[in-house]
Amino acid sequence: MVSVTSHDTPLNEKLLGNGRGLQAGIGLMALMLIILIVFTTHSRIAADRIEALDISVAASSNVASIVAANLGEVLGRTAIYARLSTTFLEQAHDAQAIGNPLAIGDAAFLRMAIFDAEGKLAHSSSRRQVEPDLQLFARTVLFSETSPALVIGGIDTGINTHDPQTGWRIPVAVPLISGQRRIGAFAGYIDLGYLLALYKEASLGTRSRIEIIDSRGHQLAEMVDGTMSAGRDLERTGYASFTGGTQLSGTIDARRPGDSGASIGVYRRLDHFPLLVTVTRSRAAVLDELAPRDVKYLIRATLISLLILLASAGLIVLAQRQRRLYAGLTDSEARNLALINQLETEKVRAYQLASLDFLTDIPNRMKFYELAAIELSRARRSRRLTAVFFLDLDKFKVINDTYGHGVGDLLLQQVASRLRLSLRGHDLAARLGGDEFAVLVSDLDSDEAVAIVARKLVASLSEPYPDLDGHDLDITPSIGVALYPGDGEEIDTLLSRADRAMYLAKQGGRGCFRFYEASLNTTSARSAELVSRFARAIRDGEFCLHYQQRVSCTDFRPVGLEALVRWQHPEHGMIFPGEFITLAEEHDCIVALGNHVIDMACAQVANWQVLGLTVLPVAINISARQLRDETLPDIMTACLKKYAIPASLIEIEVTESCFIEQPELAEKVLRALDELGMRISLDDYGTGFSGLSHLKRLPISTVKIDRSFIRDIRNDNSDAVIVSSTISLSHNLGLKVVAEGVETRDQVVHLKTAGCDELQGYYFHRPAAAADITALLRHPSAYAA
Ligand code: C2E
Ligand code: CA
Ligand code: CA
């Protein structure tokens with residue numbers, strides 16, 4: 001049988017859970033990658049910016065050095081002009097000695113003038129008569145004791161400082177010394193614009209600025225992107241920090257008023273002059289140059305991030321689809337399994353319905369055959385015994401007739417459950433139908449072990465059955481046993497032989513078991529000895545008959561006799577038929593014994609006739625085997641003839657078991673006996689297989705209720721009911737009823753009340769020897785009860 005494995009669902013959930021985890025993992029990884037990309041892009045941009053600024057500062061530094069050197073050299077040239085001017089003054093104003101600075105190709109100096117010791121113009125390079133602003137400037141160096149060296153003009157000197165066109169033309173003046181005396185002054189304009197214009201082309205990039213600043217922080221000239229200007233006041237800017245200092249050079253990173261952002265660059269102080277050169281560039285301009293590259297970086301990072309996002313989204317979607325697909329798969333698998341299970345359960349149920357007995361819930365005949373066949377094939381490989389038991393309930397039909405089928409069903413259910421309780425788990429019990437059950441027990445090691453099981457079954461099923469729908473019932477089983485492999489190898493054979501053995505058990509007195517193999521029943525040495533002695537015992541006349549009277553229920557007068565055989569054994573003394581009848585049946589001696597009994601009975605009747613006594617009819621017990629003997633009517637006829645007695649004086653007692661094997665033959669023989677004019681009784685009624693109604697067709701005139709019913713008639717309610725219903729049923733069918741085994745007065749009263757016709761039992765007469773009966777027949781009144 002297929003079954004859904006219970007751990008499937010959690011496994012699926014786990015897998016589905018894992019799928020969810022995978023998706024989260026992919027998402028997390030994508031996020032981390034993107035963060036990494038953003039981080040590296042940003043740090044790259046930042047590094048590029050630092051590098052660009054560094055490069056810009058380095059370039060500024062180069063330019064600053066060159067400009068400073070150049071400016072220093074231009075300023076240095078005033079010393080040459082001062083010497084020339086001294087010569088001019090000393091050599092009586094020889095104009096040839098000085099010349100025109102422009103003429104000598106010095107484009108840095110715009111104009112020059114020489115003043116004498118009184119400060120009067122001695123020479124002007126532009127041939128002017130007066131040089132008022134230069135004169136003013138010259139006088140400051142001529143008459144000031146403090147600055148004997150070069151004085152450089154500034155925005156507060158008042159010279160040309162406010163002219164936007166010429167603001168970068170800076171006046172310089174130097175005293176002319178001869179010996180210890182100031183003999184005059186040299187003054188001129190230096191064109192810083194010209195100087196700076198030389199660096200117009202210096203590749204500093206846009207928004208770059210070159211400035212020349214004096215030590216007081218006055219801007220002397222400025223060139224921004226090639227455009228010249230001057231005069232900006234830088235005192236309140238970040239420049240103040242270095243213009244006043246002594247540091248030769250340094251970096252600038254400051255913002256000037258009017259600028260939109262900070263500038264970076266360097267300043268450089270001139271070696272011999274109180275001037276600074278700054279070269280700076282707008283920080284924004286430097287960075288702006290990087291913008292396209294930054295944009296490229298950002299686009300690339302964005303594209304890669306998008307790609308990662310797309311890829312991971314794709315992966316997630318894929319994983320999700322897989323997960324859904326898997327979930328769908330497991331779902332449909334689970335549904336399929338459930339369906340299979342349902343089908344399987346239904347199949348099992350259908351099979352159980354078909355293979356279990358509907359009433360008792362134990363296997364039915366079909367199932368028994370199937371399981372037993374399997375068990376036998378297993379037994380083939382084992383050296384141990386397997387036993388098949390065929391069980392039949394002794395009084396079942398009567399119980400059914402009396403209490404109805406409901407009670408009968410309850411009884412069968414009880415029997416089934418007792419069978420199950422008496423057996424081991426792997427033993428097999430089944431109901432074959434009606435009140436027939438079969439049991440198969442394997443792995444037994446001896447005949448005795450089989451007998452123990454059989455005894456146990458008999459004992460268990462013979463226990464009282466209390467309260468079956470209000471009735472307390474007593475019943476016994478008859479069990480036949482066939483052994484594998486001795487009695488047969490196929491279950492069919494074994495079952496039919498066990499069945500046969502069961503009939504022997506019935507004949508043997510019921511509530512007992514019989515082996516099919518006769519030798520197993522002959523358990524004692526005495527039985528074996530009896531069997532071996534039969535023929536001789538008949539020949540030697542060791543058998544005799546005792547007679548038991550039957551009395552009328554109305555006046556208790558004797559109305560008949562029953563011949564009961566006895567074995568007068570020379571060694572064992574008198575042996576009763578309970579011990580040897582079954583043996584005789586099993587060993588094929590019963591017909592001989594039966595014929596011998598017929599002969600003895602007829603002889604006795606003749607004997608009584610000869611004595612002139614009123615002879616009572618004598619009933620002879622006929623066994624099943626005899627009834628299948630077609631010569632029986634002839635034997636009987638011959639015997640009647642031989643002893644010259646009428647058939648009416650001989651009665652026949654048969655049991656139901658006589659009609660089991662070859663029932664047609666038995667019926668035929670019985671009819672022949674009936675036609676001879678003999679009365680026929682059905683003996684041991686209630687212990688057999690069929691109810692009364694089934695026996696209607698047989699030529700029976702009397703029913704003898706088995707003594708097991710009479711025994712407890714006062715105590716056992718169920719037996720009382722059975723007896724009274726049997727009596728009324730029999731009367732309805734026109735049958736006379738005889739009660740057997742009447743032992744007490746109570747039983748007599750009960751039977752009389754119930755309407756019984758005749759009684760037989762120790763209460764009236766015990767079976768007695770012929771001589772005693774002779775005496776009784778002589779004086780019937782003496783024996784009246
Ligand atoms: P059965 O035909 O039922 O015979 C009646 C038996 O009940 C006899 O036992 C008799 O002694 C016994 N009996 C009578 N009244 C009472 C009573 O009040 N209480 C008790 N407990 N028992 C009572 P018996 O003589 O031992 O015979 C046993 C059985 O042997 C007979 O049962 C009968 O089936 C069989 N049998 C006897 N003689 C013959 C015979 O000649 N041929 C055959 N085939 N069977 C015989
Ligand atoms: Ca009898
Ligand atoms: Ca009887």
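The values are calculated or read from the model by the stated rules, or taken from the named source; none is laboratory data. From a predicted model like this one, the values you see are computed outputs, not experimental measurements. Glycine also receives a Cβ, built like all others from the backbone with ideal geometry; neighbour counts cover every protein chain displayed. Side chains included, ligands, DNA and RNA excluded: accessible areas come from the protein's heavy atoms. Shrake-Rupley method; radii C 1.70, N 1.55, O 1.52, S 1.80 Å.
If R0 equals 22 Å, the separation of the Cβ atoms of ALA535 and MET574 corresponds to a calculated FRET efficiency of about 0.65. One quarter of the convex hull surface built on the alpha carbon atoms of region 555-675 amounts to 9.0 nm², the projected area averaged over directions. Using every Cα-Cα pair within region 205-298, state what percent have a distance larger than 18 Å. Of all Cα-Cα pairs in region 205-298, 45 percent lie more than 18 Å apart. With an a/c value of 1.5 or above and a/b not larger than b/c for the gyration tensor axes a ≥ b ≥ c computed over the alpha-carbon atoms, region 457-533 is described as oblate. For region 638-714, the spread of Cα positions along the three principal axes, ordered from largest to smallest, is 45, 29, 17 Å. Sparse packing (at most 15 other Cβ atoms within 10 Å of the Cβ) combined with a DSSP loop state is found for the following GluC sites (Glu not before Pro) in region 535-621: GLU571. Here HIS779 and ASP409 are evaluated by their C-beta separation; at R0 = 51 Å the FRET efficiency comes out at 0.40. The long axis of helix 632-643 is offset from the longest Cα principal axis of the chain by roughly 20 degrees. Dipole of the chain computed with +1 at Lys/Arg Cβ and -1 at Asp/Glu Cβ about the Cα centre; of SER478, LEU495, VAL565, farthest Cα towards the positive end is LEU495. The Cα atoms of region 348-491 cover 49, 38, 22 Å along the three principal axes, with the biggest extent listed first. Partners of LYS456 within straight-line reach, counting lysines whose Cα lies under 25 Å from its Cα and excluding those fewer than 8 residues away in the same chain: LYS367, LYS395, LYS397, LYS506. Working note: Debye formula, equal point scatterers on the alpha-carbon atoms of region 699-769, no solvent; log10 I(q)/I(0) at q = 0.15, 0.19, 0.24, 0.28 Å⁻¹ is -0.43, -0.68, -1.03, -1.32.
Give, rounded to the nearest 20 debye, the magnitude of the charge dipole that the chain has about its Cα centre when Lys and Arg contribute +1 at Cβ and Asp and Glu contribute -1 at Cβ.
3320
For a Förster distance of 22 Å, can you work out the FRET efficiency between the beta-carbons of ASP259 and ALA58, rounded to the nearest 0.05? So the FRET efficiency works out to roughly 0.50. Listed by chain and number, the lysines whose alpha-carbon sits under 26 Å from that of LYS641, ignoring those within fewer than 8 places in the same chain, are LYS668.
So what is the diffusion coefficient of region 378-454 in µm² per second by Stokes-Einstein at 37 °C and 0.692 mPa s, using a Kirkwood Rh over Cα pairs? Stokes-Einstein gives a translational diffusion coefficient of 238 µm²/s.
The helix-based estimate of mean residue ellipticity at 222 nm for the chain, built from -39,500 (n - 2.57) per DSSP H run of four or more residues and divided by its residue count, is -16000 deg cm²/dmol to the nearest 500. Overall, the anisotropy analysis places region 640-785 in the oblate class: the square-rooted eigenvalues a ≥ b ≥ c of its C-alpha gyration tensor yield a/c not less than 1.5, with a/b not exceeding b/c.
Mind checking Rg over Rh on region 503-561, alpha carbons, Kirkwood formula for Rh?
Numbers: Rg = 17.6 Å, Rh = 14.9 Å.
Rounded to two decimals, Rg/Rh equals 1.18.
Of the GluC sites (Glu not before Pro) found in region 417-505, those in coil by DSSP whose Cβ has at most 16 other Cβ atoms within 10 Å are GLU489, GLU490.
Can you tell me the convex hull volume per residue for region 44-83, based on C-alpha atoms, in Å³ to the nearest whole number?
Expressed per residue, the convex hull around the Cα atoms of region 44-83 is 27 Å³.
Could you point to the residue in LEU298, SER648, GLY741 farthest towards the positive end of the chain's charge dipole, with +1 and -1 charges on the Cβ of Lys/Arg and Asp/Glu respectively? Farthest along the dipole direction, towards plus: LEU298.
Under the simplified labelling scheme, the HIS694-THR246 pair shows an inter-label distance of 14.7 nm, with each label point 7 Å from Cα along Cα→Cβ. Calculated on C-alpha atoms, the gyration radius of the chain divided by its Kirkwood radius gives an Rg/Rh of 1.87. Over all orientations, region 419-469 has a Cα convex hull whose mean projected area works out to 4.3 square nanometres.
Computed on the Cα trace of region 283-360, the radius of gyration divided by the Kirkwood hydrodynamic radius gives Rg/Rh = 1.74. Accessible surface area normalised per residue over the chain is 48 Å², counting heavy atoms of protein chains with a 1.4 Å rolling probe. Considering region 334-411, its Cα convex hull presents a mean projected area of 8.5 nm². Tell me the carbon and sulfur percent of the accessible area for region 668-755, rounded to whole percent, probe radius 1.4 Å. For region 668-755, the apolar C and S fraction of the accessible surface comes to 46 percent. For LYS752, a cut-off of 19 angstrom between C-alpha atoms picks up these lysines, skipping any fewer than 8 places away in its own chain: LYS704, LYS736.
In the calculated pair-distance distribution of region 528-600, the portion above 20 angstrom amounts to 34 percent of the Cα-Cα pairs.
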